[in-house]
1. Report yes if some residue within the stretch 245-261 is assigned to a loop (DSSP other than H, G, I, E, B), at pLDDT 90 or above and touching a strand residue (DSSP E or B) at 6+ places or on another chain (Cβ under 6 Å); otherwise report no.
2. From the list THR134, THR155, pick out the single residue that is within 16 Å of the ligand (Cβ to nearest atom), within 30 Å of ALA46 (Cβ to Cβ) and of a type outside the set (Lys, Arg).
3. Near the ligand (Cβ under 8 Å from one of its atoms), open to solvent by less than 60 Å² (accessible area, probe 1.4 Å) and under 30 Å from the mean Cα position of the chain (by Cα), is that true of LEU126?
4. Residues of the stretch 161-217 being of a type in the set (Val, Ile, Thr) and more than 14 Å from the ligand (Cβ to nearest atom), which ones?
5. Find all pairs meeting these conditions: Cβ atoms under 9 angstrom apart; at least six residues apart or on different chains; first residue within the stretch 155-182 and open to solvent by 60 Å² or more (accessible area, probe 1.4 Å); second residue within 6 Å of the ligand (Cβ to nearest atom) and assigned to a loop (DSSP other than H, G, I, E, B).
6. Please work out which residue is modelled with the lowest pLDDT, limiting yourself to the stretch 159-188 and to residues that are in a loop (DSSP other than H, G, I, E, B) and of a type in the set (A, V, I, L, M).
7. In the stretch 33-68, which residues are at pLDDT below 95 and of a type in the set (Val, Ile, Thr)?
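The values are calculated or read from the model by the stated rules, or taken from the named source; none is laboratory data. From a predicted model like this one, the values you see are computed outputs, not experimental measurements. Cβ sites come from the backbone with ideal geometry, for glycine too, and all protein chains shown count toward neighbours. Remember, those area values only see protein heavy atoms, side chains included, never the ligands or the DNA or RNA. Shrake-Rupley method; radii C 1.70, N 1.55, O 1.52, S 1.80 Å.
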Amino acid sequence: MLQQTQVTTVIPYYLRFMKAFPSTKQLALADIDQVLHLWTGLGYYARARNLHKTAKIVDAQFKGRFPATVTELVNLPGIGQSTAGAILSLSRGEWAPILDGNVKRVLTRVHCIEGWYGHRKTADQLWALSAHYTPKFRVAAFNQAMMDLGATICTRGKPKCELCPLSSVCVAHQTHQETVFPHSKPAKKIPIKSVSMLLLRNQQQELLLEQRPPMGIWGGLWSFPEFKNKAALWTFCQNNLGEEQDNTKRVATMRHTFSHYHLDIEAWSLDIAQKPNKIMEHRQVAWYNHKQPSTIGLPAPIIKLIKKAASEIEEH
Ligand code: SF4
């Protein structure tokens, strides 16, 4: 959970998650829907899917005992070199360097390392520095301290150098270049994709959701039926529901930004008198009642659209 997300955001999710799945075994046996549901709102859902897969592997192949070498750990889904180092050093006190975003920032500033982390040469330099500084003793305390230093003192925007124990040796601080380092990722314009979504509502005010394929964006989560444009959406309504274009109503437009593209969503609502017998064959679909507690995983933009549809009902 802490990959890409701050501790304060994670805490309530972590507590709920641990209550539901107090052991690897219980997580391994859980349904992916339940796992994604407890992840709803945290984003980066691949982490949840990987955690679930990892629990299954640990349960089946390692008899429930977490592997204890970097080589075995990095072979598990979702665990890279730095997470493997954090697991080994924090849980077992073993010598294992780490290089999460916070440690990268501290080391980059202390040594004024040129270039962007995503480039091999820069990453290799940082790994070498991390290994060089990681002590043989009290490795857990050292790694935790480095992460905390980056998260609380050597912050991205305004580092608090006056409080920093490294200020006398930090080259960036000594040369007043704290905010010049680390260098940013080379700018790249990200593409815009657009989709039309159908908020199909029956007389019980339930909304039709479909489960997305396990791989790809929002994999395994539940979303509204999606079409490449409004013409395709209208054709679907006409051919499958016998409804005319005029019966649909545009209820929202929104942009959701992923790391590699913007997604422009145009949402259309359609009220139908009866649940159709067959709809979206070969797809996993369900009628969703917003008044009942949700037990499925929903992406944040879909939650917003559900709320929008619910407020519309209340207005009428
Ligand atoms: S002195 Fe400032 S820039 Fe250098 S490591 Fe400390 S907080 Fe970061």
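1. For the stretch 245-261, residues assigned to a loop (DSSP other than H, G, I, E, B), at pLDDT 90 or above and touching a strand residue (DSSP E or B) at 6+ places or on another chain (Cβ under 6 Å): present.
2. Result of the check over THR134, THR155: THR155.
3. The answer is no for LEU126.
4. If the condition is that a residue be of a type in the set (Val, Ile, Thr) and more than 14 Å from the ligand (Cβ to nearest atom), then ILE190, ILE192, VAL195, ILE217 are the ones that fit.
5. From the stretch 155-182, the pairs are LYS158/GLU178; LYS160/CYS154; GLN174/SER167; THR179/PRO159.
6. Among them, the one singled out is ALA187.
7. Scanning the stretch 33-68 gives a single hit, THR40.
Conditions (1) among the acidic types (Asp, Glu); (2) under 27 Å from the mean Cα position of the chain (by Cα); (3) open to solvent by less than 60 Å² (accessible area, probe 1.4 Å), marked per residue:
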{"residue": "LYS228", "(1), (2), (3)": "no, yes, no"}
{"residue": "PHE236", "(1), (2), (3)": "no, no, yes"}
{"residue": "ARG250", "(1), (2), (3)": "no, no, no"}
{"residue": "ILE265", "(1), (2), (3)": "no, yes, yes"}
{"residue": "TRP268", "(1), (2), (3)": "no, yes, yes"}
